Amino acid sequence: MLGAVRTAARGEPLNNVEWASAVEGDREFADAQLSTREREVLRLYAAGLPLKIVASRLGIAYSTAKENVNRVRMKYIEVGRPAPTKVDLLRRAMEDGIVDASAED
């Protein structure tokens, strides 16, 4: 681990398959770092509510809710976990524990 840190600190690339696998498997590293509001919007929207209802429930404008969904999608893209559809957003929300996976059973 220290060797990898030193290599990165020197600005050299890490060419270690084990290191790459560890980073890829780390859920916190791959976390999209969603804000509390983004998580709230995602939880309701991915669970199946129309965006207008999500906005109403949270007491925010429709445009704000839509912007939150767009930011969530961009953040997932940034961490290599794209979610272009509502089903994909549900899948990501379940993976991240935002929506309870057992609720779908």
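Any read-out appearing in this document is the output of simple, stated calculations on the displayed coordinates, not a laboratory observation. Values in this document were obtained by computation on a predicted structure and should not be read as measured data. For neighbour counting, all protein chains shown are included, and Cβ atoms are generated from backbone atoms with ideal geometry for every residue, glycine included.
Filtered by the rule that a residue be charged (D, E, K, R) and either touching a Cys at 6+ places or on another chain (Cβ under 8 Å) or under 12 Å from LEU44 (Cβ atoms) (or both), region 55-85 gives a lone residue, ARG57. For region 46-93, the tally of residues that are part of a helix (DSSP H, G or I) and without any contact (Cβ under 8 Å) to a residue 40 or more places away in the chain stands at 24.
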